[in-house]
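Notes for the one structure printed next.
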Amino acid sequence: MSSQSPKIVVITPVKNEAWILERFLSVTSQFADYIIVADQNSTDSSVAICKKFPKVILIENKSGQFNEAERQLLLIQTARELIPDHKIILALDADEILAANATQTPGWQTMLQAEPGTVLCFEKPDLYQTPDQCIRYTTPWPLGYVDDGVEHKPKKIHSIRIPMPDYAPRLHIHDVKVLHYGYIRSSGQTAKVRFYSVVETVLKTRHVLLRRSGYAANIDWTKNGTVSPSQPEWLAGWETLGIDMRTIRCEHYYWYDFEVLKHFAQYGVRRFWLEDIWNFDWEACRQYAKSKNISPIPEYPISPPPKMLAQVMDGLAYFYTCFRKVFKGA
């Protein structure tokens, strides 16, 4: 291994992330040597925000489809081409913010000394409702890789973001936290869940009852973790630098909603009748999108599934969830 400290290269996919991007780039610029952002046809101010930060290398992801595999391969390939040096790749989404005390921890120094081919795992608390409260989990997330050039083999959706070859040791860095802001903006997270349900319907990656279980309209965000107070040191250092760590901007409709409308237009509304997305007024959303000249969207009024069909699907999903709990506990 090189005696030089590795470069820190953060790779981030972006599509309409203006609500959080300034915060993410302000924080990430404090510890990263390079920030590679792959923008996928953003229609908000995401690109303009990226251009304000000298460490950002902005590239285009021109794909019109949701495909995590393509975008991660694009990001990793770009990192390897532009930064051939010894490096650590950290794969962070724009709503994932490194805790302010992270770089002062023993774990950070351990990470810098890790051998190439090491998978880096961190706790990723979900900030919940407010920055002062979070959901914590026992299982760490693989978000970093000490790069050795190995091939990455991602999936189209819900993919591990970095290479995880069989030979790679997993290093759990307990004292470095990555704060996820998505659940503070619960309406946006709910819109994302509806969008994922529609995407998986098209990709046929899971059957409908698994989709309804994973993307339930009344999902309890806290069910897999423990609600705890956030640690003041996670935010304090960034706030001392004048970075706003608390303001959250919510919207009535999100770009995820308009992407669902585009799926309706392409595949027909009835293809998605079995999904748990119909507690949302899609016709009102369509009317709003039409007023903003967003296209392509359905030219006809959007009708929800018949009540009988919705009740049958709710019942099947309930019994399926109960069966999985019993089977899992057996």
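Any read-out appearing in this document is the output of simple, stated calculations on the displayed coordinates, not a laboratory observation. Please read these numbers as outputs of a predicted model, since none were measured by experiment. Cβ sites come from the backbone with ideal geometry, for glycine too, and all protein chains shown count toward neighbours.
Assorted remarks:
- Compactness relative to 2.2 N^0.38 Å, alpha carbon Rg of the range 23-94: 1.09
- In this structure, the amide hydrogen of GLU17, modeled 1.01 Å from its nitrogen in the peptide plane, lies closer than 5 angstrom to those of SER46, counting only residues at least 5 positions away or on a different chain.
- Choice from ALA91, ALA265, ALA102 with maximal GNM fluctuation in the chain (Cα, 10 Å cutoff): ALA265
- Given LYS15/LYS292; LYS223/LYS325; LYS55/LYS155; LYS153/LYS223; LYS52/LYS155; LYS7/LYS51, the pairs whose alpha carbons are separated by over 23 Å: LYS55/LYS155; LYS153/LYS223; LYS52/LYS155
- Taking the fewest neighbouring Cβ atoms within 10 Å as the starting point, the ordered list for PHE323, PHE122 is PHE323, PHE122.
- The long axis of helix 68-82 is offset from the longest Cα principal axis of the chain by roughly 20 degrees.
- Karplus-derived HN-Hα couplings along the range 37-54 (A = 6.51, B = -1.76, C = 1.60, θ = phi - 60°), whole Hz, x at Gly and Pro: 10, 9, 8, 10, 6, 4, 10, 9, 8, 4, 5, 4, 5, 4, 5, 7, 10, x
- A cut-off under 15 angstrom between Cβ atoms defines the neighbours of ASN41, and their net charge, with Lys, Arg +1 and Asp, Glu -1, is -2.
- Size descriptor, Kirkwood hydrodynamic radius, that averages inverse alpha-carbon separations across the range 265-304, Å: 10.7 Å
- Using C-alpha pairs under 8 Å with a sequence gap of at least 6, the mean separation divided by the residue count of the range 7-180 gives a relative contact order of 25 percent.
- Whole-angstrom gap from the range 284-317 to the range 97-161, using each part's C-alpha centre: 37 Å
- Taking label positions 7 Å along the Cα-Cβ direction at both SER213 and GLN65, the computed distance is 2.7 nm, reported to one decimal.
- Residue order, fewest to most beta carbons within 10 Å, for LEU74, LEU241, LEU179, LEU58: LEU241, LEU58, LEU74, LEU179
- Amide hydrogen proximity for GLN133: with H placed 1.01 Å from N in the peptide plane, the residues at 5 or more positions away or on another chain lying under 5 Å are TYR128, SER230.
- Local net charge near ALA32, Cβ-Cβ under 9 Å (Lys/Arg +1, Asp/Glu -1): +1
- Bridging of LYS307 to lysines at a Cα separation below 26 Å is possible for LYS192, LYS204, LYS262, once same-chain residues fewer than 8 apart are set aside.
- Stokes-Einstein diffusion for the chain, with the hydrodynamic radius set to the Kirkwood value over Cα pairs and evaluated at 4 °C in a medium of 1.567 mPa s, equals 61 µm²/s.
- Each 10 Å bin from zero up to the one holding the largest Cα-Cα distance in the range 7-180 carries the following percent of pairs: 10, 40, 39, 11, 0.
- Built amide H within the under 5 Å cut-off of TRP141, gap 5+: PHE122, GLU123, LYS124
- Zone residues, the range 113-128, relative to VAL150, backbone N less than 11 Å from point 7 Å out along Cα-to-Cβ: 116-120
- In range of the label at ALA284: residues from the range 216-255 whose backbone nitrogen is under 15 Å from the point 7 Å along Cα→Cβ: 251-254
- Integer Hz, Karplus 6.51/-1.76/1.60 couplings in order for the range 277-293, x for Gly and Pro: 10, 9, 8, 10, 7, 5, 5, 5, 5, 4, 4, 5, 4, 4, 5, 9, 6
- For the range 65-170, applying the loop criterion from DSSP together with a ceiling of 13 other beta carbons within 10 Å to the GluC sites (Glu not before Pro) yields GLU151.
- If the segment from ARG324 to ILE157 were pulled out straight at 0.36 nm per residue, it would be longer than the present Cα-Cα gap by 57.9 nm.
- Neighbour counts of other Cβ atoms within 10 Å put LYS307, LYS55 in the fewest-to-most order LYS307, LYS55.
- Residue-by-residue Karplus 3J(HN,Hα) for the range 232-246, coefficients 6.51, -1.76, 1.60, Hz, glycine and proline x: x, 5, 5, 10, 4, x, 5, 5, 4, 7, x, 8, 6, 10, 10
- Inter-site label distance for ASN224 and GLN109 at 7 Å from Cα along Cβ, in nm: 3.5 nm
- Nearby aspartates and glutamates by direct alpha-carbon distance to LYS177 (threshold 16 angstrom, same-chain neighbours under 8 apart not counted): ASP93, ASP95, GLU96, GLU123, ASP126, ASP132, GLU233
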